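The values are calculated or read from the model by the stated rules, or taken from the named source; none is laboratory data. Predicted model only: the values in this text are computed from it and were never measured. Neighbour counts run over all protein chains shown; Cβ positions are idealised from the backbone, glycine included.
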Amino acid sequence: MLDMPKSATSRIVQRCEDLFSDLTFESARAWKAARPGRKVVGYMPYYVPREIIHAAGALPLGVLGGGDQLEVVHGDAYYQSYICRIPRSTIELGVSGRLDFVDGMLFPSICDVIRNLSGMWKLMFPKQDARYVDLPQNFEDDVGGEFYRSELNDIREWLARITGTPVTDEAIRASITLFNENRRLVRQAYALRAKEPWNIPSSELYLLLRAGLVLPVEDHNQLMREYLVSVREQQRAIKDNCRVVLSGVFCEQPPLNLIKSIELSGCYIVDDDFMLITRWEKSDIAIDGDPIANLAHSYLHDSYSTSPKYEPDQAKKGMYLVDSVRQNQAEGVIFAMPSFCDPALLERPMLQSVLKQHGVPQIAFKYAENSGQMQPIREQAGTFADSIKLWSGA
Amino acid sequence: MTIITRPRAKPADAIKDASMTKQKEMMSRHYERLSDAPDRGEKVAATFVPGNLNELLMCFDFVNNLPEVNAIQNGLRKTSGAFVMEAEKLGHSEDVCTYVKSDIGMMAKGNIGPNGRKLPDPDVLLLSYTGCFTFMKWFELLRQQYNCETIMFHTPYMADGKITKDMIQYMVKQLKQDVIPKLEKVSGVKFDIDRLREYLRKSAKAEDDLVWVLQSAKTKPSPIDAYFGGIYYIGPIFGAFRGTDDAIDYYRFLREEVEERIAQGKGPVTPDGDMGKERYRLVVEGPPNYTHFRQFWKMFYDEGAVIVASSYTKVGGCYDFGFRHDPDNPLESLAEYCLNVYTNRNLPMRVDMLENYVNEYEADGLLINSIKSCNSFSAGQLLIMREVEKRTGKPAAFIETDLVDPRYFSAANIKNRLESYFQMIEQKRAGMRGAA
């Protein structure tokens, strides 16, 4: 077991773990049942404009596959063996009725598999409105920006049809304010973890982020505030771990045990690409003016670089990872990528090449959301940690 | 230890009809032009097959190099397997697209093209990002290698089954503000929209004849094989010839050839000669396997199975619903062409198309050839199969191969599946006769 003092922190983390383990989404169901007419809109990784869903009065609900606790009975019948795990467990969630309370589903343009899943959803669950979110690959305001603004307005109208109420500019501004705060709190947690990784284990931070994908943002903000207070009040034992950045975990989720195994093998994860949606914009989205234009502007000019996004500037390709290593004083990078994940696995050689140019040590392995055997990963990460301690800076 | 070696008999030369020979000659000529480009002072643009902008590239005198076609040629020549493994040795995952790995492996081995000559480095990478996520990563990888101008041209996905004004506007703006200025800069040639109009006019002419040829498979017996033979037919239009007089000549020639076959009541030409009696009419979804192309085709024609319609012949662009390049709206027309690419259509649209094919071409059923390394096609195909089967009442079957990785072609398994499928069709027919 990781160090987990019996404190406010442990109570918060336990609550998050309960939400994480709940494959029937009881908390979101309860939220919906609490008031007649409430709607829930699901979304898949890696980014959707949650602010507009919230402004429509609906609950944005992250649907991140079934993890390692869901037995996939039907989902495998829809996919060949060479396709990643997340769509099949998501289908399982749908077919098994676990998402029957969801009113709409959003599928962002992350890869061909999730893109095609948006059409499968239309065919399989016609009562649940499914929509693809086409994110621009051109980052000029009057080109990609114009297209994305029209896409955001279409999403706004789509949501208004689901809820039966128009989504006003004022409501979107209020939602942006709440999500700005949420991102600030997440960034604070990330900064604190980079500074004192022994005090914020990544398995704990991961659970906190996951909670943010099922709770209303107001509740999650409160949870994050409480966590940041409680975690600062405690001091956990410092270990002789090396500091690593974890890359490739932006869509299909790694098993929680994988994160724990990396930590137990002697690595502090000081940065990662877990659930990028929780801190997608690097700074606050502007509140004044046209909120749709503000959302689009932040997407184009102030959002994370990651594999599903095109990098127009060759000189910048992969530099986000080098920057992360530097800013977080990491000593190496662990590439953990889902099997058959096109965006991650096609990107990996380019990132490895950039890291090599900058002398950053690295290892790579693959996983599936239901991977159960952690010993090889622990051995590989442990050897990596030992080699960094022994040989880096020698 | 005694090692017994057996002489490997060279397969008999494939029998080709005149249009196939003509097509092969066109492709060879193009590869020679490509290899000669540096000496002739011609610039080279690498771009993709789906939604390619050949007419636009010709406006800047670029010679077009299509990496998928190179991978296909390597697959047909049985050199792709070694290239794929070379790329994997260099760190590319065994899980990803084998077109990419064949291309990267080929570069690592000196970039020798199918004509045995070195392919020139591209002067520009035109990343026509249409219907396939992998394209983006592929050209980011090539950009790292070639260090040349790379132009992203993003096509929105037809997620709701329609083309909107905003989509067209987005694409036209990209063309005007990004793609064309960069092509002008790299080529040193000023853009002339009237030149583009002229190419588009020629494209439309060739497209009319291609559509006629593909739809000739509605005739019984079908005079063409719209999958294996269809691959020959789409080569010029999806490759470097759309917009040229060569393409007009080729498709007119092809059409006349097919007209003659219909008049004579003949079926398609196969590598072993004229096909025998047509016993099964199939619709095929998915790309073919190229490493065992002839062996794969033989499994069909030996059983009298002809493919009357296929989704793969719409991979570069789709003309089924009346689209033709339009010289009066040149940039909008290019945008619409890209949007119409088969894999840029959502799953419900793909199901509708295949259902219509089964009905309109009076097919006995749908066969899906699922490609291991092409998620753009493959993800969702099992649902497509069920839906089409449910809607048409015709049996469907599923086989798995890969594009250019010979490790994923299991001849015995595929043959076994196909034989079972043909039996299934027979049973269905017997059942229908009984019911009647």
Open item on the list: Of the conditions (1) at positive phi; (2) touching a residue at least 60 places away in the same chain (Cβ under 8 Å), B:Gly380 satisfies every one except a single condition; which number is it?
Closed with: (2)
Open item on the list: If I ask for residues that are surrounded by fewer than 23 Cβ atoms within 10 Å (Cβ to Cβ) and either at positive phi or not in a helix (DSSP H, G or I) (or both), which ones from the range A:223-245 would you list?
Closed with: A:Glu233, A:Gln234, A:Gln235, A:Arg236, A:Ala237, A:Ile238, A:Lys239, A:Asp240, A:Asn241, A:Cys242, A:Arg243
Task: Which numbered condition B:Ser410 fails, given (1) within 14 Å of another protein chain (Cβ to nearest Cβ); (2) buried (at least 21 other Cβ atoms within 10 Å of the Cβ); (3) without any contact (Cβ under 8 Å) to a residue 60 or more places away in the chain - done: (2)
Open item on the list: Show the residue pairs meeting these rules: Cβ distance below 8 Å; 6+ apart or different chains; first residue within the range A:183-196 and closer than 18 Å to A:Trp280 by Cβ; second residue loosely packed, with under 15 Cβ neighbours inside 10 Å.
Closed with: A:Leu185/A:Arg225
Open item on the list: Being touching a strand residue (DSSP E or B) at 6+ places or on another chain (Cβ under 6 Å), crowded, with 24+ Cβ neighbours inside 10 Å, not aliphatic (A, V, I, L, M) and not in a loop (DSSP other than H, G, I, E, B) is true for just one of A:Tyr132, A:Tyr148. Which residue is that?
Closed with: A:Tyr132
- [ ] Return only the number of the condition from (1) buried (at least 19 other Cβ atoms within 10 Å of the Cβ); (2) away from chain B (no Cβ under 14 Å); (3) of a type in the set (D, E, K, R) that A:Glu311 does not satisfy.
- [x] (2)
Task: Residue ID - nearest to the other protein chains (Cβ to nearest Cβ), chosen from residues in the range B:389-404 that are touching a strand residue (DSSP E or B) at 6+ places or on another chain (Cβ under 7 Å) and in contact (Cβ under 8 Å) with a residue 40 or more places away in the chain - done: B:Asp402
- [ ] Mind listing just one residue for me: the one in the range B:337-388 that is in contact with a strand residue (DSSP E or B) (Cβ under 7 Å, 6 or more places away or on another chain) and among the basic types (Lys, Arg) and, of those, nearest to the other protein chains (Cβ to nearest Cβ)?
- [x] B:Lys372
Task: Residue match in the range A:91-109 (condition: small (Gly, Ala, Ser), out of contact with any Phe, Trp or Tyr (no Cβ under 8 Å at 6 or more places or on another chain) and at the interface with chain B (Cβ under 8 Å from one of its Cβ atoms)) - done: no
Task: Lone qualifier among B:Tyr290, B:Tyr319 - being among the aromatic types (Phe, Trp, Tyr), part of a loop (DSSP other than H, G, I, E, B) and under 19 Å from B:Ser373 (Cα atoms) - done: B:Tyr290
TODO: State yes or no: is B:Tyr170 of a type outside the set (Val, Ile, Thr), within 10 Å of chain A (Cβ to nearest Cβ), crowded, with 17+ Cβ neighbours inside 10 Å and touching a helix residue (DSSP H, G or I) at 6+ places or on another chain (Cβ under 6 Å)?
DONE: yes
Task: Elements of type helices (runs of 4 or more DSSP H) in the range B:169-259, at least 2 residues being in contact with a strand residue (DSSP E or B) (Cβ under 8 Å, 6 or more places away or on another chain) - done: B:180-187, B:228-238
- [ ] Answer yes if at least one residue in the range B:223-246 is over 19 Å from the mean Cα position of the chain (by Cα) and among the aromatic types (Phe, Trp, Tyr), and no otherwise.
- [x] no
Open item on the list: Which residue is farthest from A:Leu258 (Cα to Cα), if the candidates are limited to the range A:372-394 and must be surrounded by fewer than 21 Cβ atoms within 10 Å (Cβ to Cβ) and touching a helix residue (DSSP H, G or I) at 6+ places or on another chain (Cβ under 9 Å)?
Closed with: A:Gly382
Open item on the list: Cβ-Cβ under 9 Å, sequence separation 6+ or interchain: first residue in the range A:81-94 and touching a residue at least 60 places away in the same chain (Cβ under 8 Å), partner among the β-branched types (Val, Ile, Thr) and part of a helix (DSSP H, G or I). Which pairs?
Closed with: A:Ile83/A:Val113; A:Cys84/A:Val113; A:Ile86/A:Val113; A:Ile86/A:Ile114
Open item on the list: Just to be sure before I move on: is A:Glu281 surrounded by 19 or more Cβ atoms within 10 Å (Cβ to Cβ) and within 23 Å of A:Gly318 (Cα to Cα) in the structure I sent?
Closed with: yes
Task: Number of the condition not met by A:Tyr190 [criteria: (1) closer than 27 Å to B:Gly380 by Cβ; (2) touching a strand residue (DSSP E or B) at 6+ places or on another chain (Cβ under 8 Å); (3) at pLDDT 95 or above] - done: (1)
TODO: Just need a number here: residues in the range B:131-163 that are more than 8 Å from every other protein chain (Cβ to nearest Cβ) and within 26 Å of B:Cys318 (Cα to Cα).
DONE: 10
TODO: For B:Phe323, work out the one condition from (1) buried (at least 22 other Cβ atoms within 10 Å of the Cβ); (2) within 20 Å of the chain's Cα centre (by Cα) it doesn't fulfil.
DONE: (1)
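Rundown of residues vs (1) surrounded by 24 or more Cβ atoms within 10 Å (Cβ to Cβ); (2) at pLDDT 95 or above, yes/no style:
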{"site": "B:Asn54", "(1), (2)": "yes, yes"}
{"site": "B:Ala71", "(1), (2)": "yes, yes"}
{"site": "B:Gly116", "(1), (2)": "no, no"}
{"site": "B:Leu126", "(1), (2)": "yes, yes"}
{"site": "B:Met136", "(1), (2)": "no, yes"}
- [ ] Kindly provide the set of residues from the range B:35-63 that are part of a helix (DSSP H, G or I) and either within 20 Å of the chain's Cα centre (by Cα) or within 16 Å of B:Glu149 (Cβ to Cβ) (or both), ordered by number.
- [x] B:Asn54, B:Glu55, B:Leu56, B:Leu57
Open item on the list: Checking B:Gly116 against (1) within 22 Å of B:Pro50 (Cα to Cα); (2) in a loop (DSSP other than H, G, I, E, B); (3) not polar (S, T, N, Q): exactly one of these is not met. Which one?
Closed with: (1)
Open item on the list: So, A:Gln137, is that one out of contact with any helix residue (DSSP H, G or I) (no Cβ under 6 Å at 6 or more places or on another chain) and more than 7 Å from every other protein chain (Cβ to nearest Cβ) or not?
Closed with: no
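Conditions (1) buried (at least 18 other Cβ atoms within 10 Å of the Cβ); (2) under 30 Å from B:Glu419 (Cα atoms), marked per residue:
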position	(1), (2)
B:Gly243	yes, no
B:Tyr250	yes, no
B:Glu256	no, no
B:Gly265	no, yes
B:Val269	yes, yes
B:Gly286	yes, yes
Open item on the list: Consider the range A:351-394. How many of its residues are more than 14 Å from every other protein chain (Cβ to nearest Cβ), within 25 Å of A:Ser21 (Cα to Cα) and among the hydroxyl-bearing types (Ser, Thr, Tyr)?
Closed with: 1
Open item on the list: Checking the condition crowded, with 21+ Cβ neighbours inside 10 Å and in a helix (DSSP H, G or I), which residue from B:Leu403, B:Leu382, B:Leu418, B:Leu366 passes?
Closed with: B:Leu418
Open item on the list: With the structure loaded, tell me whether B:Gly276 is part of a loop (DSSP other than H, G, I, E, B) and in contact (Cβ under 8 Å) with a residue 40 or more places away in the chain or whether it fails that test.
Closed with: no
